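> Structure provided below as structure tokens; questions to follow.
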Amino acid sequence: MAFTMSDQASTAGKVITCKAAIAYELNSPLSFEDIHVAPPGPTEVRIQDRNLLFPRILGHEGAGIVESVGSAITDLKPGDKVIPVWQAECQKCPRCRSGRSSNICDVFLEHFESGVMRSDRTSRFSRVADGKPIFHFCCTSVFSQYTVLDEACVAKINSSADLSKVCLLGCGVSTGIGSAWNIAKVTPNSSVAVFGLGTIGLAVVEGAKIAGASRIIGIDRLESKFEKGKDFGLTDTLNTSTIEKPIEAHIYEMTKGGVDFSFDCTGNPDIISAAMQCCRPCWLW
């Protein structure tokens with residue numbers, strides 16, 4: 001789909017009608033409907049989601065082009081390429097100004113699940129059929145061809161970036177690499193176990209490799225993920241569907257005492273426990 005400056009000028013300040021995927025209740029299919037997307041408020045940005053390839057990347061990861069901006073926005077303009085950021089920072093609250101390694105913002109921690117815009121507590125989405133409002137998701141709502149975000153939820157990127165690829169920087173890649181570099185601080189010549197080889201897991205693998213880890217063990221139940229994992233830096237692979245003993249015991253034996261760093265990228269409580277138990281016992285000095 002082509003998108004020109006004349007398109008932006010023709011829609012700025014106006015309500016846009018577009019397609020969106022709406023969730024009405026748990027465990028039910030998404031409903032694809034026409035919706036109205038209101039113009040951005042003074043401190044908001046409206047962007048067009050340009051990832052029109054199918055199958056789509058679900059969830060809060062996306063990338064788009066700024067269609068219009070609110071009257072108080074000075075650092076973004078129509079045509080800028082951006083990545084929606086669901087874990088936003090207001091840059092003004094005590095946590096944002098603490099200087100500590102955290103992106104937990106007091107303002108957006110409270111606002112995250114509200115489903116409305118921070119500025120006026122209303123939604124920018126409404127159904128074409130009857131005008132009923134539709135709530136936002138994760139402050140981003142990238143399942144719409146157009147979406148409106150708070151200015152804190154928009155990161156400007158290079159104008160030559162491929163939007164179909166950089167959308168993963170909205171969560172998966174930054175979460176995985178950040179976990180290896182900034183949280184665990186993986187060290188050179190260390191051993192690492194990564195449970196779950198999805199986007200986040202592969203990003204952990206890549207982050208660990210760049211940090212200099214000498215042994216990176218990928219754990220998953222799908223054999224098809226291992227070849228891609230090796231491209232990212234895996235040195236060993238373990239398929240949990242073919243191992244009879246507890247996976248933590250298997251890793252403990254194969255590493256002669258456990259790994260130096262372990263990452264769970266699944267969110268499964270049982271796997272979290274296994275990830276902890278396969279680590280080398282801590283010591284004091």
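> If you scan segment 17-45, which residues turn out to be assigned to a loop (DSSP other than H, G, I, E, B), surrounded by fewer than 18 Cβ atoms within 10 Å (Cβ to Cβ) and at pLDDT 90 or above? Outline the logic, then answer.
To start, the set of residues in segment 17-45 that are assigned to a loop (DSSP other than H, G, I, E, B) comprises 23-30, 38-43.
The next check asks that each one be surrounded by fewer than 18 Cβ atoms within 10 Å (Cβ to Cβ); those that pass are 23-30, 42-43.
Across segment 17-45, the qualifying residue is only P42.
> Against the conditions (1) modelled with pLDDT of 85 or more; (2) open to solvent by 50 Å² or more (accessible area, probe 1.4 Å); (3) touching a Ser or Thr at 6+ places or on another chain (Cβ under 7 Å), where does L53 fall short? Just the number, please.
Among (1) modelled with pLDDT of 85 or more; (2) open to solvent by 50 Å² or more (accessible area, probe 1.4 Å); (3) touching a Ser or Thr at 6+ places or on another chain (Cβ under 7 Å), L53 violates only (1).
> Please go through segment 233-247 and give me each residue that is in contact with a helix residue (DSSP H, G or I) (Cβ under 6 Å, 6 or more places away or on another chain) and over 17 Å from I216 (Cβ atoms), ordered by number.
Of everything in segment 233-247, just one residue is in contact with a helix residue (DSSP H, G or I) (Cβ under 6 Å, 6 or more places away or on another chain) and over 17 Å from I216 (Cβ atoms), namely I243.
> Separate question: Restricting to segment 224-246, give me the number of residues that are of a type in the set (A, V, I, L, M) and touching a strand residue (DSSP E or B) at 6+ places or on another chain (Cβ under 6 Å).
Initial filter on segment 224-246 (of a type in the set (A, V, I, L, M)): 234, 238, 243.
If we keep only those that are touching a strand residue (DSSP E or B) at 6+ places or on another chain (Cβ under 6 Å) as well, we get 234, 238.
Going through segment 224-246 one residue at a time, the tally reaches 2.
> Still on this model: I want to confirm something. Restricting to segment 145-179 and keeping residues that are more than 14 Å from the chain's Cα centre (by Cα) and free of Cβ contacts under 8 Å to residues at least 60 places away in the same chain, which single residue is surrounded by the most Cβ atoms within 10 Å (Cβ to Cβ)?
D162
> Then there is this: Test D270 against the stated conditions and say whether it is more than 20 Å from G212 (Cβ to Cβ), of a type outside the set (G, A, S) and free of Cβ contacts under 8 Å to residues at least 12 places away in the same chain.
Working: more than 20 Å from G212 (Cβ to Cβ): yes; of a type outside the set (G, A, S): yes; free of Cβ contacts under 8 Å to residues at least 12 places away in the same chain: yes.
Yes: the conditions hold for D270.
> Here's something else I'd like to know. On the given criteria, is G201 touching a residue at least 24 places away in the same chain (Cβ under 8 Å), open to solvent by less than 60 Å² (accessible area, probe 1.4 Å) and not hydrophobic (A, V, I, L, M, F, W, C)?
Details: touching a residue at least 24 places away in the same chain (Cβ under 8 Å): yes; open to solvent by less than 60 Å² (accessible area, probe 1.4 Å): yes; not hydrophobic (A, V, I, L, M, F, W, C): yes.
Spelling it out, G201 is indeed touching a residue at least 24 places away in the same chain (Cβ under 8 Å), open to solvent by less than 60 Å² (accessible area, probe 1.4 Å) and not hydrophobic (A, V, I, L, M, F, W, C).
> Would you point out which residue out of L234, L222 is in a loop (DSSP other than H, G, I, E, B) and at pLDDT below 95? Outline the logic, then answer.
Working: L234 fails: at pLDDT below 95.
None of the other options fit; the residue is L222.
> Still on this structure: Checking L76 against (1) at pLDDT below 90; (2) within 14 Å of R46 (Cβ to Cβ), only one condition comes out false. Which one?
(1)
> Just to be sure I understand, how many residues within segment 96-111 are in contact (Cβ under 8 Å) with a residue 12 or more places away in the chain, crowded, with 18+ Cβ neighbours inside 10 Å and part of a loop (DSSP other than H, G, I, E, B)?
Matching residues across segment 96-111 total 1.
> Continuing with this model, one more query. Can you tell me how many residues within segment 180-197 are small (G, A, S) and either open to solvent by 30 Å² or more (accessible area, probe 1.4 Å) or without any contact (Cβ under 8 Å) to a residue 40 or more places away in the chain (or both)?
Within segment 180-197, residues that are small (G, A, S) and either open to solvent by 30 Å² or more (accessible area, probe 1.4 Å) or without any contact (Cβ under 8 Å) to a residue 40 or more places away in the chain (or both) number 1.
> While we're looking at this one, here's another question. Taking segment 112-135 as the search range and keeping residues that are of a type in the set (F, W, Y) and under 18 Å from T43 (Cα atoms), which one is most open to solvent (accessible area, probe 1.4 Å)?
Our first condition is that a residue be of a type in the set (F, W, Y); within segment 112-135, this holds for 112, 125, 135.
Next cut, under 18 Å from T43 (Cα atoms) only: 112, 125.
Numbers: F112: 47, F125: 12 Å².
Here the answer is F112.
> Also, quick follow-up: Looking only at segment 204-256, which residues are open to solvent by 80 Å² or more (accessible area, probe 1.4 Å), over 23 Å from Q277 (Cα atoms) and not charged (D, E, K, R)?
I210, S224
> Kindly provide the set of residues from segment 66-86 that are small (G, A, S) and assigned to a strand (DSSP E or B), ordered by number. Show your work before the answer.
Start the filter on segment 66-86 by keeping residues that are small (G, A, S), which leaves 68, 70-72, 79.
Selection gives S68 alone.
The values are calculated or read from the model by the stated rules, or taken from the named source; none is laboratory data. Since the model is a prediction, treat every value here as computed from it, not as a measurement. Glycine gets a Cβ as well: all are built from the backbone with ideal geometry, and neighbour counts include every protein chain shown. Accessible surface areas use protein heavy atoms only, side chains included; no ligands, DNA or RNA. Shrake-Rupley method; radii C 1.70, N 1.55, O 1.52, S 1.80 Å.
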